[in-house]
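Below: one structure, written as structure tokens.
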Amino acid sequence: MSTPKLKVHIVGAGIAGPCLAYWLARTHLDVSITIIERSPSPRVTGQSIDIRGPAVEIVKMMKLQEAVRSRHTTEEGTSFIDSSGNAFAQFDAGDSFTAEYEILRADLSQLFLEATESLDNMKYIFGESVQSFQQTDRGGTVTFTRGSEESFDVVVAADGSTSKTRAMILDEPTLKDSYNFLGQYIAFFSIPSRPNDPKLWQWYNAPKGLSIIIRPHRNSATMGAYLCITTPARGQRDPLIEDAMENGPEDQKRVLRAYLGNAGWEAKRVLAGMDDAEDFYMSRAAQVKLPKWTHGRALVLGDAAFATFGIGTTLAIESAYILAGELSRIKSSSDVPQALERYEEVFRPLFVRSEELPPGFPQIAFPQTAWGLWLRDILLWLVSRSKVYKFFQGDSGISWKLPNYDWENV
């Protein structure tokens with residue numbers, strides 16, 4: 001029997017796309033893969049992320065466990081800071097907040113890029129995006145913004161929660177109300193470290209949903225800084241911040257200074273560092289929920305399909321592995337739509353275990369009033385002192401056994 005040929009187009013060179021490419025290259029298929037990325041070069045920005053549950057096993061199978069460990073952010077735990085700058089609650093690594101596998105998003109993306117870019121059947125194109133997409137029963141045709149056109153057997157949109165390609169693949173009824181803004185704006189950037197900075201995730205809150213967070217980097221010269229502004233309810237947008245989001249980084253920095261200039265703790269240090277940061281990025285926190293991920297020979301993957309606060313990286317790795325596994329079972333290109341359907345049948349029941357956010361989150365963690373903040377802090381103090389959380393530890397409902405697939409060179 002001849003080896004099935006499969007021509008795959010992936011939009012997005014973040015986490016899900018390169019991970020999918022890695023596993024597709026280890027199937028018995030005669031596969032050729034093109035990944036395009038809108039950014040002109042690999043992104044160097046992004047927050048600290050963690051890898052949990054079956055995703056850890058997948059990384060081990062990719063022989064990247066030690067590389068991930070060597071790029072650990074060095075974070076040893078999480079401390080909550082009061083208005084006087086004192087820690088009132090602390091949780092060690094592995095105690096819910098800081099995971100065993102903590103790594104910067106850019107570092108993990110780079111590892112996946114390095115694991116795939118030298119493959120003979122692999123091509124990365126940066127500074128490119130999809131202008132339009134049309135598909136028939138026999139394949140899908142992609143028109144690129146630079147004007148070229150190419151046909152593929154499979155098209156995968158892995159371009160994040162704000163995916164532009166998603167609307168080219170799924171219809172209006174499927175897309176309706178799929179992007180859910182959580183009422184939180186977050187800015188990420190690096191600031192210079194200080195000799196007395198602890199190796200802890202330091203979390204400070206002020207009333208009106210304001211928060212300043214500092215986290216250690218593997219690079220001892222810098223720290224990760226996070227500025228959060230949370231509105232009173234999910235879906236509620238701040239008009240001033242929305243205008244700044246449209247106008248670009250300088251306007252975003254101006255609004256952050258106005259909102260957080262007098263927030264207390266390390267506000268002055270962080271805002272001064274923000275002005276000099278070369279990796280500043282600001283985004284909206286959102287959850288993507290779709291009743292369907294696939295359509296014919298195309299699908300959405302990772303955050304483009306199911307952005308989920310806190311475990312998006314884990315889900316991206318797991319979904320890429322299972323998608324490649326289901327595609328590995330095709331006998332010919334005509335089997336692709338059925339393989340995509342099988343992927344959704346396998347992964348959706350696993351995904352739904354972890355899709356729901358805690359009630360009231362993120363607002364409950366970023367209170368609007370001094371009274372609400374006091375109540376939250378008392379609860380955190382009680383939980384940290386009593387260690388009651390240790391009775392409920394685990395992988396937050398994301399533990400399950402990986403399906404078995406017939407991989408080559410693994």
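The values are calculated or read from the model by the stated rules, or taken from the named source; none is laboratory data. Predicted model only: the values in this text are computed from it and were never measured. Heads up, the Cβs are rebuilt from the backbone with ideal geometry, glycines too, and the neighbour counts pull from every protein chain shown.
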| message | Within segment 26-33, does at least one residue satisfy the condition of being under 22 Å from residue 315 (Cα atoms), touching a helix residue (DSSP H, G or I) at 6+ places or on another chain (Cβ under 9 Å), in the same structural domain as residue 306 (by TED's automatic domain parsing) and in a loop (DSSP other than H, G, I, E, B)? | response | yes
| said: of a type in the set (Val, Ile, Thr) and out of contact with any Cys (no Cβ under 9 Å at 6 or more places or on another chain): which single residue out of 311, 317 fits that description? | reply: 311
| request: Might you let me know whether segment 69-91 holds any residue that is in contact (Cβ under 8 Å) with a residue 40 or more places away in the chain and closer than 23 Å to residue 320 by Cα? | output: yes
| Of the residues that sit in segment 121-149 and are in a strand (DSSP E or B) and small (Gly, Ala, Ser), which one is farthest from residue 338 (Cα to Cα)? | 132
| Is there a residue being among the basic types (Lys, Arg), out of contact with any Pro (no Cβ under 7 Å at 6 or more places or on another chain) and either at pLDDT below 90 or within 22 Å of residue 312 (Cα to Cα) (or both) anywhere in segment 71-78? | yes
| Can you name the condition, by its number, that residue 118 falls short on among (1) touching a residue at least 40 places away in the same chain (Cβ under 8 Å); (2) assigned to a loop (DSSP other than H, G, I, E, B)? | (1)
| remark: Selection from segment 79-112 of residues over 16 Å from the mean Cα position of the chain (by Cα), modelled with pLDDT of 90 or more and not β-branched (Val, Ile, Thr) yields 79, 80, 82, 86, 87, 88, 89, 90
| task | Could you list, in sequence order, all residues of segment 176-192 that are surrounded by 17 or more Cβ atoms within 10 Å (Cβ to Cβ) and in a loop (DSSP other than H, G, I, E, B)? | result | 178
| said: Would you confirm, using the coordinates I've provided, whether residue 308 is closer than 23 Å to residue 211 by Cβ, touching a residue at least 24 places away in the same chain (Cβ under 8 Å), not in a loop (DSSP other than H, G, I, E, B) and not aliphatic (A, V, I, L, M)? | reply: no
| task | Could you list all residues from segment 262-294 that are in a strand (DSSP E or B) and of a type outside the set (A, V, I, L, M, F, W, C)? | result | 281, 283, 284, 287, 294
| query | What single numbered condition from (1) of a type in the set (Gly, Ala, Ser); (2) more than 27 Å from residue 285 (Cβ to Cβ); (3) surrounded by fewer than 19 Cβ atoms within 10 Å (Cβ to Cβ); (4) assigned by TED's automatic domain parsing to the domain that holds residue 58 fails to hold for residue 140? | reply | (3)
| In the set 80, 152, 112, 97, which member is crowded, with 16+ Cβ neighbours inside 10 Å and touching a Cys at 6+ places or on another chain (Cβ under 8 Å)? | 112
| Filter segment 231-274 for residues that are basic (Lys, Arg) and under 22 Å from the mean Cα position of the chain (by Cα); which is modelled with the highest pLDDT? | 237
